[in-house]
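Working notes for the structure below.
What follows draws every value from the coordinates through simple rules; no lab data is involved. Just so we're clear, the structure is a prediction, and the values are computed from it rather than from any experiment. When we count neighbours, we look across all protein chains shown, and the Cβ atoms used for this are built from the backbone with ideal geometry, even at glycine.
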């Protein structure tokens, strides 16, 4: 080996090699640079969300109305409590992660194991909570009517409280059937039909005098505009073309289709990060138990996955603000 | 590796719990403000944005600072690495936000004031 080394006379000097100006190991530095590039990806998503939000600044859905579910409290309006809980879980799992890193510096294998375990549990609870949020979001609660122009009309009673379509809809004889493959030669599959037809909604609306239409436009008080009874009937009869319940990528009952698209993409991309973070944490957890890092004499791997895990928390702090608060 | 062997790490547990308490309190304040939405914060605007939203964003950056500095231990990294990470992200994100939000606002104005039919 010694014979192959070329001496340049610069050993020990700045350009002689072997010094590391950033004083970080290769792996840790690369984790940081990965985090920077990933942060820019998330920023791209959030900036695009901001763009669409500014574009529809007078008609964007109010997050408090959309995310108001809490487990075991059906029909109770609980805006944001659940997301706050999720945020808290993620922050706490960040704390246990940093405690694991700290214990690793002192080569305390038992403590690292315990804290890594708690971190994994926290991550799993978070991913589960997100799945539950998605379920509520996709299922929807009140339902709405779509218009020619691609807008959403929601229903309220005289006091401005939201009314579900199911509460006033008329029961008309079924006229529309979802076609299946076996009913046509070239036919593959029909789209899923909404539970009620627009005719049923119109008939039910006409029969219930106290139901009004709420458009998605904000009035000067920052509330959604509620139309008078006459305007409501007029609007429903001239513009309404379909019924939407819940959300998918093409339409949703909350507002512009982009709202649901961004919800799925941003929280989905973040959820994917949490999920992969949990997987990586599990791998490192087993390595800790097996004593890999004990033998290696350094728990730096725990520190590296810790960086990733904190980054996931960091992103959530921003997603929480821009999706649920602002 | 050199990092963990050359100098001793004193335990940071106290600081970790302090930062945890801080982050929890800030989150609680955010949620409280988000639910109550005090009128004077909603009605007052500064630079075309509600005061309430300014508070949310500033508190978010405050939390992000603590997560990055204390949890991700940026405060202990060399100045070069810290700047390579923070400045790069910060400048690019500010630029991106400025361009896209300005453009979004412009398109909103076009839809609102010009003769572009979008609701038919």
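Before moving on, here are some points about what is shown:
- Top of A:243, A:174, A:101 by mean-square fluctuation, Gaussian network on chain A, Cα under 10 Å: A:174
- In chain A, Rg over Rh equals 1.15, where Rg is the alpha-carbon radius of gyration and Rh the Kirkwood radius from pairwise Cα distances.
- Highest GNM mean-square fluctuation among A:248, A:151, A:221, for chain A modelled with Cα contacts below 10 Å: A:221.
- Chain A: angle of helix A:268-290 to the longest principal axis, Cα-based, in degrees nearest 10: 30
- Cα centroid separation - region A:255-326 against region A:104-139, whole Å: 9
- Partner chain coverage, peptide B:97-104 - average Cβ within 10 angstrom: 5
- Here region A:1-98 yields Rg over Rh of 1.31, to two decimals, using C-alpha coordinates and the Kirkwood radius.
- Only alpha carbons enter this Debye calculation for region B:79-120, each as an equal point scatterer, and the log10 of I(q)/I(0) it gives at q = 0.14, 0.18, 0.21, 0.22 Å⁻¹ is -0.50, -0.62, -0.70, -0.73.
- Theoretical gain in end-to-end length, residue A:269 to residue A:218 [0.36 nm per residue, Cα-Cα removed]: 15.4 nm
- Where labels lie 7 Å past Cα in the beta-carbon direction, separation of residue A:282 and residue A:250 in nm: 3.6
- Candidates B:86, B:29, B:110: whichever shows maximal mean-square fluctuation once chain B is modelled as a Gaussian network with Cα springs under 10 Å: B:110
- Distance cut-off 18 Å, percentage of C-alpha pairs in region A:176-305 lying past it: 74
- Taking the longest Cα principal axis of chain A as reference, the axis of helix A:300-319 is set at about 30 degrees.
- Peptide B:108-116 shows a mean partner chain C-beta count of 2 within 10 Å per residue C-beta.
- Across chain A, C-alpha contacts under 8 Å between residues 6 or more apart give a mean separation that, scaled by the residue count, equals a relative contact order of 24 percent.
- In chain A, the DSSP-assigned H stretches of four residues or longer account for a calculated mean residue ellipticity at 222 nm of -17000 deg cm²/dmol, using -39500 (n - 2.57) per stretch and the full residue count as denominator.
- For chain B, the relative contact order works out to 17 percent when only alpha carbon pairs closer than 8 Å and six or more residues apart are counted.
- Average silhouette area of region A:52-170, convex hull of alpha-carbon atoms, in square nanometres: 11.0
- Helix B:51-66 axis, angle to chain B major axis (alpha carbon atoms, nearest 10°): 20
- Just so you know, the Rg over Rh for region A:231-323 is 1.33, from Cα atoms, with Rh as the Kirkwood radius.
- Kirkwood hydrodynamic radius of region A:144-245, from inverse mean 1/r over distinct Cα pairs, in Å: 14.8
- Computed log10 I(q)/I(0) for region B:1-76 at 0.22, 0.24 Å⁻¹: -0.99, -1.08, from the Debye equation with unit scatterers placed on every C-alpha and solvent omitted.
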